[in-house]
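**Student:** Quick one: structure below, then a few questions.
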Amino acid sequence: MTELNPAGTDAGTLIRLSAAQLAAKLAAGEVTSVEITRACLDRIAQVDGGERGINAFLHVNAEEALAVAAEVDAIRAAGGPEADALHELAGVPIAVKDLIVTVGQPTTAGSKILEGWHSPYDATVVARLRAAKMPILGKTNLDEFAMGSSTEHSAYGPTRNPWDLDRIPGGSGGGSAAAVAAFEAPLALGTDTGGSIRQPGAVTGTVGVKPTYGSVSRYGAIAMASSLDQIGPVTRTVLDSALLHQVIGGHDPKDSTSLPEPLADLVAAARTGNVEGLRIGIIKELHGEGYQAGVENRFNEALELLKDAGATIVEVSCPNFQYALGAYYLIMPSEASSNLAKFDGVRFGLRVLPTDPPLTIERVMAATRAAGFGDEVKRRIILGTYALSAGYYDAYYGSAQKVRTLVQRDFNAAFEQADVLISPTAPTTAFKLGEKLDDPLAMYLNDVATIPANLAGVPGLSLPGGLADEDGLPVGIQLLAPAREDARLYRVGAVLESLLEAKWGGPLLAQAPDLAGAPALEAQEAK
Amino acid sequence: MSTDATLSFEEAMEKYDPVLGFEVHVELNTKTKMFSSAPNVFGDEPNTNVNEVDLGLPGVLPVVNRTAIESSIKIGLALNCSIAESCTFARKQYFYPDTPKNFQTSQYEDPIAYDGYLDIELADGTVFRVEIERAHMEEDAGKLTHMGGAAGRIQGADFSLVDYNRSGVPLVEIVTKPIEGAGSRAPELAKAYVAAVREIVKNLGVSDARMERGNVRCDANVSLRPHGRERFGIRSETKNVNSLRAVEHAVRYEIQRHAAVLDNGNPVIQETRHWHEDTRTTTSGRPKSDADDYRYFPEPDLVPVVASREWVEELRATLPEPPAARRKRLQADWGYSELEFRDVVNAGVLDEIEETIAAGASASVARKWWMGEIVGRAKNADVDPGQLGVAPATIVELAKMVDDGKINNKMATAVLDGVLAGEGTPAEIVEARGLAVVSDDGPLLEAIDAALAAQPDVAEKIRGGKVQAIGAIVGGVMKATRGQADAGRVRELILAKLGVEG
């Protein structure tokens, strides 16, 4: 266990500080952005590569990140109105999931079909990071096109869980979660279609937020399922998620589904956490049977803490959640089959020519897609194409949409009885690499607790709930709020986080094993 | 290319009853595209009017063009359609390289406009009502050019070039209900219907409506059934018939071809047909079944388009007068004969004459100038008359000069040529060329004296009562004044001078 000295400015300390702490140090002139950024880049160099490396990064953007950091430092040093106008997070580095397009860096979506492709435009969230002058450390690994719950479906090798290098970091955003958990980056962006931010957060002991659908622009996030996808923060604290959400969120005229109204003050909500008199609803269908005992234990402890802090715990029932997974696995592949049609070798990315004549466009498209897509992507394209086919549409896509409406109604009813809902984020802790690779259904079941929020468009936050008794691995607690009430998640999350940290005597990640071959850690311990 | 058997049109009509149906695609002339901010401009360098959205790059999202919605509602209203209070887009999915996303964003279950009609007036005044099923919004595809191989077709081509400038251009597709009862007038009705749609969208100002540029494209469905039978025959769909004449010919040809197929006891194949202007025939395209599976589903990246009743009524209030009603009104106002008016319409100078009259010319003067002078010059210059560069004010000014006796008609046409040559306004040209009719009697009297002195014998004859001899003196004066004198005035002055009663 590593003691953290928040007053320190050595690299070993800097990489472990939260974004809010780094921002405060930058503002106070105690540290430069170049020092922080270099510390992160050094950490990436130490722990990310090699046979047993984390492999959180598909691309490291050292040169540009340091240049942005130096620019922020120069502005701060010069003082004056430009320095005063700097964003609170200016100079705090961040990693970006490689599903989000960036100018100046490759974007692969974890797929061979986009290998070497550079986007000519920035995603809106990336433009907002740049406007806030946050150095972008690089692009993080993911399941191909965000399709998976373990990051094992990446065409560029799996990411390892910093808590146990033989285990999965969750998925699809395993790279972003692992980068934050392994102290390679204080902040990261993820995308969440069925739990791809929250479930990796749960199994790596980090915080992940799926904002209300439409709260953050999707422009520049390579679409898997348009009606479910949402970009969100991956961080080590609830406050950091609020800070990042505030940077990337808000209306974007380039995204027709983006909400028109301005964001609530999420940072204030995180800073003034309070649960007194709040009704917190346990979702009957999202715990108990099928959930690992250690997960249940940590979940029940969290409920006790919240009760002690003045919240009222109620039980709500969402009977249609039992159909949510099935509906999700029709809607998501249907939309994905359509969204992925553009990857055809005609205009960008991989182009594979058939080995035998004739050389027709259909055959070039087919050869490109056969070679460029991995098995899980093909599985979902086939499933979705089938579900949308004439004669099957009503039975599959149509029925799934009806279930979606029922799930939304369940949420509406539940939010009549409770201000915030709570559940474990994932039924189990991190499983072993390869354990579920040949069993898609078992893999899909990992998302059973996170999927309903995507179907209904409501916001969800996962935060560390402690370590499971049986395996000592992180457990995630999920909070859910009504659409547009993201602030409630931060208000409740901040309370639960502080109660848990008081119990643990510090952040959960301080209990994570030291990563081998990491000199920065050794230096820290030598003190 | 095999040649299909045909029956004569007359024989086909004796045996069969044609049923028509049209899908007319209208490209809107919005500044930007249907779902992106890229310019909607025809004829630029390939792949320059594109952005990441038009190319379907990873991560992009569509945003609906509000002006395109407005234009679509206007078209719907002009076609007497109901306008949906709320409607959605859908994805029509098929892999083809002119469609960057490999799906077309279109409307499926709920078009923006539906259940309308259009009354079509045929040449003899017969009015035929065509029912409109729907008008829906969608995006155009890019343009493929097949290189190598025969006839620019994809079959046998070595490779294809694709220009995405057109990709994402807003389209409104107008679909008729089956048109029954046209009989032998089916080809004429086909042409008149497409002409009417073209005129409406042009009149609304929502499309450039130039068929040769593909602004208005017609797919013509034709089927035949024996007289007296209710059930429709199997149809063919002739794609992209892109001139009014071609629409008429294509429908006529397909009727004759179907008739021959049916006469031989064969079933008509449900398929698309390609129109060939050179041979005025169609050839087989691809089989088309009603069960073509485009896997339509609601476009999840767009929210529903909501057209409030207030907005629709605001737009209705801005609609121009329908073209047919306008023509009736103008003909009555101007007092042109049927023939004169038809000539004006066919010459394409209806708007120009209206503007010229509005600028102060009389209806007959406006017609005389446009039909008598400008149309011919435009034809020689190979441009539309309106494009020649004659402003209504120019004609008004010329006509006034003639009326006032400043110049005569012959001079006026010369001045018009000067205007077209860029020499300035009519007044400037008259001034510069010294063209004004001489009306100051002083110089005229001098010229008359000179002419009388030069021909004393003629002067004597006139004095003696042979007034018809005056022509020689007038001619002399006109010659001396280089034709600028008013011949009538000259005559008066000569007679006065000689003391002879005219």
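No lab work stands behind these numbers, since they all come straight from the coordinates. What you see is a predicted model; the values in this text were computed from it and never measured. Reconstructed Cβ throughout: ideal geometry from the backbone, glycine too, with neighbour counts over all protein chains shown.
**Student:** Residues with beta-carbon under 10 Å from that of A:Gly476, excluding A:Gly476: net charge, scoring Lys, Arg +1 and Asp, Glu -1?
**Tutor:** Here the count lands on +2.
**Student:** Also: When A:Asp240, A:Asp166 are ordered from fewest to most other Cβ atoms inside 10 Å of their Cβ, what list results?
**Tutor:** Least crowded to most crowded, the residues run A:Asp166, A:Asp240.
**Student:** Could you give log10 I(q)/I(0) at q = 0.04, 0.07, 0.08 Å⁻¹ for the protein assembly as shown, computed by the Debye formula over C-alpha point scatterers of equal weight, without solvent?
**Tutor:** -0.32, -0.75, -0.88
**Student:** Okay, moving on. Taking amide hydrogens as modeled 1.01 Å from N in the peptide plane, which residues meet the under 5 Å criterion relative to A:Phe57, leaving out close sequence neighbours?
**Tutor:** Residues meeting the amide H criterion: A:Asn141.
**Student:** I would also like to ask the following. How many lysine pairs does segment B:321-433 hold where the Cα atoms are under 27 Å apart and the two sit 8 or more places apart or on different chains?
**Tutor:** 9
**Student:** Note the per residue figure in Å³ for the convex hull of the C-alpha positions in segment B:9-313.
**Tutor:** Enclosed volume per residue, from the Cα hull, is 143 Å³.
**Student:** Calculate the spin-label point distance for B:Lys379 paired with A:Leu441, positioning each point 7 Å from the Cα along the beta-carbon direction, and give it in nanometres.
**Tutor:** 8.0
**Student:** Would you mind getting the Kirkwood hydrodynamic radius of segment B:441-498 from its Cα pairs, rounded to one decimal in Å?
**Tutor:** Its Kirkwood hydrodynamic radius stands at 10.9 Å.
**Student:** Moving on. Starting with the fewest neighbours, write out A:Tyr392, A:Tyr397, B:Tyr114 ranked by other beta-carbon atoms found within 10 Å of each beta-carbon.
**Tutor:** A:Tyr392, B:Tyr114, A:Tyr397
**Student:** Add +1 for every Lys or Arg and -1 for every Asp or Glu among the other residues with Cβ under 10 Å from the Cβ of A:Ser18, and state the total.
**Tutor:** Within the 10 Å Cβ shell, the charges total +1.
**Student:** Between A:Lys402 and A:Ala27, what length comes free when the chain is fully extended (0.36 nm per residue of separation minus the Cα-Cα distance, one decimal in nm)?
**Tutor:** Once the chain is fully extended between A:Lys402 and A:Ala27, it gains 129.9 nm.
**Student:** Something else: Just counting partner chain Cβ atoms within 10 Å, what average do the residues of peptide A:360-369 show around their Cβ?
**Tutor:** Across the residues of A:360-369, the mean count of other-chain Cβ atoms within 10 Å is 2.
**Student:** Determine, from the Cβ-Cβ distance of B:Met147 and B:Arg245 and an R0 of 25 Å, the FRET efficiency 1/(1 + (r/R0)^6), rounded to the nearest 0.05.
**Tutor:** 0.30
**Student:** Please give the net charge around A:Lys402, taking every other residue with its beta carbon less than 12 angstrom from that of A:Lys402, where Lys and Arg add +1 and Asp and Glu add -1.
**Tutor:** +1
**Student:** Going by average Cβ neighbours within 10 Å, how do the peptides B:213-226, B:359-372 rank, with the highest at the top?
**Tutor:** Final packing ranking: B:213-226, B:359-372.
**Student:** Cut-off 12 Å, label point 7 angstrom out along Cα-to-Cβ of B:Arg489: give me the residues of segment B:367-406 whose amide nitrogen falls inside.
**Tutor:** B:404-406
**Student:** Convex hull volume of the Cα atoms in segment B:321-433, per residue, in Å³?
**Tutor:** Enclosed volume per residue, from the Cα hull, is 103 Å³.
**Student:** Given H placed 1.01 Å from N in the peptide plane, which residues other than close sequence neighbours of B:Asn47 have an amide H under 5 Å from its amide H?
**Tutor:** B:Tyr164, B:Asn165
**Student:** For B:Gln155, put the label point 7 Å out on the Cα→Cβ axis and report which residues of segment B:1-39 keep their amide N under 13 Å from it.
**Tutor:** B:1-3
**Student:** Sequence gap at least 6, Cα distance under 8 Å: using those rules, report the relative contact order of chain A to the nearest whole percent.
**Tutor:** Relative contact order comes out at 18 percent.
**Student:** A follow-up question, please. Order by neighbour count: A:Met365, A:Met147, fewest other Cβ atoms within 10 Å first, most last.
**Tutor:** A:Met365, A:Met147
**Student:** Can you tell me the FRET efficiency between B:Leu339 and B:Asp208 if r is taken as the Cβ-Cβ distance and R0 is 30 Å, rounded to the nearest 0.05?
**Tutor:** 0.50
**Student:** Among the aspartates and glutamates, which have Cα under 13 Å from the Cα of A:Lys284 when same-chain residues fewer than 8 positions away are ignored?
**Tutor:** Output for A:Lys284: A:Glu296, A:Glu315, A:Asp410.
**Student:** Let me ask something additional. How many partner chain Cβ atoms sit within 10 Å of a residue's Cβ in peptide A:216-223, on average, as a whole number?
**Tutor:** Counting Cβ atoms of other protein chains within 10 Å of each residue's Cβ and averaging gives 4.
**Student:** Still on this model: Can you give me the distance in nm between label points at B:Ser184 and B:Asp404, each placed 7 Å from the Cα along the Cα-to-Cβ direction?
**Tutor:** Each label point lies 7 Å from its Cα, and together they span 5.9 nm.
**Student:** Taking every residue in B:59-71, how many Cβ atoms of other protein chains lie within 10 Å of its Cβ, on average?
**Tutor:** Mean shielding by partner chains, rounded to a whole number: 4.
**Student:** Then there is this: Kindly flag which residue pairs out of B:Lys92/B:Lys191; A:Lys139/B:Lys92; B:Lys101/B:Lys202; B:Lys74/B:Lys101; A:Lys342/A:Lys378 have an alpha-carbon separation exceeding 22 Å in this structure.
**Tutor:** B:Lys92/B:Lys191; A:Lys139/B:Lys92; B:Lys101/B:Lys202; B:Lys74/B:Lys101
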